[in-house]
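Novice: First the structure, then my questions, so here it is.
The values are calculated or read from the model by the stated rules, or taken from the named source; none is laboratory data. Bear in mind the structure is a predicted one, so any value in this text is a computation, not a measurement. Cβ: placed from backbone, ideal geometry, glycine included. Neighbour counts: every protein chain shown.
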Amino acid sequence: MNKFFSVEDAQNPEALVTEALQLKANPRAFEHLGKNKSICLIFFNPSLRTRLSTQRAGELLGMNVTVFNIGKEGWQLEFADGVVMNGDKAEHIKDAARVIGAYFDIIGIRSFPSLADREKDYTEEVINAFYQYAGVPIVNMESATLHPLQSLADLITIREHQGVIERPKVVLTWAPHPRALPQSVGNSFAQWMNRADVELVITNPEGYDLAPEFAGDAYVTHDQKEAFEGADFIYAKNWSSYEQYGQILSQDSRWTVDAEKMALTNNGKFMHCLPVRRNVIVADEVIDSENSLIIDQAVNRVTAAHIVLKKMLEVQG
Ligand code: CP
């Protein structure tokens, strides 16, 4: 594996989950693999879980890990070709990426979308530029449109908790939030679930449908209660509108996940990637219940990064 941008790079997502669970059971088994290897985790935006879990995963493989908060501590980067750089951008991505690629064996990138220009955001300019110029494997630690390490952790969590249910009903539900958030977690979760052996339902208010390329074959309904009926897993997340790009069209608290709605499910498990706005996205009574998997998901972020970095190191030899 020389890049991990989306489910497409996983080739066989279910096989990757099986291998990840084996690694989780024996986390020190490959600590020799990353000896004398280094990874740079580059953050244009804030993070708690992604930063710490990817760092832990690198350490479990014996790697040297550097975290670079480029958004706060680095030079402002120019991404356009052929421009006269006499403005506020001090360094071109061509130069920055080549330098970082010369220092490190693997690079992780977190770069959120502008939410102002849909066409530009959906070209994934930042992560693609690093891939083009750095010359080393690149891990998507949440890009403009996708968050594959989160989705892999989520699929691992579902497989750990589905018990005897062969093909669980998994519901991705929009929930309200006071700020405009990217579509990346919702897009990515839908993309991975479309490749997994689950029944995927997406529910959101009108105007919040995800991009068709990511919603894929999911059944989409604007009736949240209909979606919750008989569900085995409820995955809550806010996203801003894709259609009216980056806009907040609703903050309707009737979409908050509460115990009354969870009662419609098949004793469903509650999932959220965190960070979460309690009693806005989800009521305390749900997120603090025994059916809440939020900590399991966060723990599996280490497992997801662990298996992805292992695959990259194996290719490098
Ligand atoms: N879920 C997730 O990516 O968390 P952070 O933004 O804290 O990394």
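Novice: Return yes when Thr54 is closer than 22 Å to Pro137 by Cβ and in contact (Cβ under 8 Å) with a residue 60 or more places away in the chain and no when it is not.
Specialist: Values: closer than 22 Å to Pro137 by Cβ: yes; in contact (Cβ under 8 Å) with a residue 60 or more places away in the chain: yes.
Taking the combined requirement at face value, the residue satisfies it.
Novice: If I filter the range 297-317 down to residues being touching a strand residue (DSSP E or B) at 6+ places or on another chain (Cβ under 9 Å) and farther than 17 Å from Val185 by Cα, which single residue comes out as modelled with the lowest pLDDT?
Specialist: Looking at the filtered set, the residue picked out is Gln316.
Novice: Please state which one of Asn140, Asn194 is closer than 30 Å to Glu78 by Cβ and either away from the ligand (no atom under 14 Å from the Cβ) or crowded, with 24+ Cβ neighbours inside 10 Å (or both).
Specialist: Criteria check complete, one pass: Asn140.
Novice: Output the number of residues of the range 6-44 satisfying the condition of being out of contact with any Ser or Thr (no Cβ under 7 Å at 6 or more places or on another chain), in contact (Cβ under 8 Å) with a residue 60 or more places away in the chain, assigned to a loop (DSSP other than H, G, I, E, B) and over 15 Å from Leu309 (Cβ atoms).
Specialist: Of the residues in that region, 1 qualify.
Novice: Can you name every residue in the range 15-43 that is aliphatic (A, V, I, L, M) and over 13 Å from Ala57 (Cα atoms)?
Specialist: Answer for the range 15-43, where residues must be aliphatic (A, V, I, L, M) and over 13 Å from Ala57 (Cα atoms): Ala15, Leu16, Val17, Leu21, Ala25, Ile42.
Novice: Being on the phi > 0 side of the Ramachandran plot and either within 12 Å of the ligand (Cβ to nearest atom) or assigned to a helix (DSSP H, G or I) (or both) is the filter here; which residues of the range 262-300 pass it? Steps first, please.
Specialist: So in the range 262-300, the residues on the phi > 0 side of the Ramachandran plot come out as 267, 274, 279.
Result: Leu274, single match.
Novice: Regarding Val171, is this residue without any contact (Cβ under 8 Å) to a residue 60 or more places away in the chain, part of a strand (DSSP E or B), touching a Ser or Thr at 6+ places or on another chain (Cβ under 9 Å) and not acidic (Asp, Glu)?
Specialist: When the stated conditions are applied, Val171 does not pass them.
Novice: Based on what the data block shows, is Ser241 in a loop (DSSP other than H, G, I, E, B), surrounded by 15 or more Cβ atoms within 10 Å (Cβ to Cβ) and among the small types (Gly, Ala, Ser)?
Specialist: Yes; evaluated as a whole, the condition is true for this residue.
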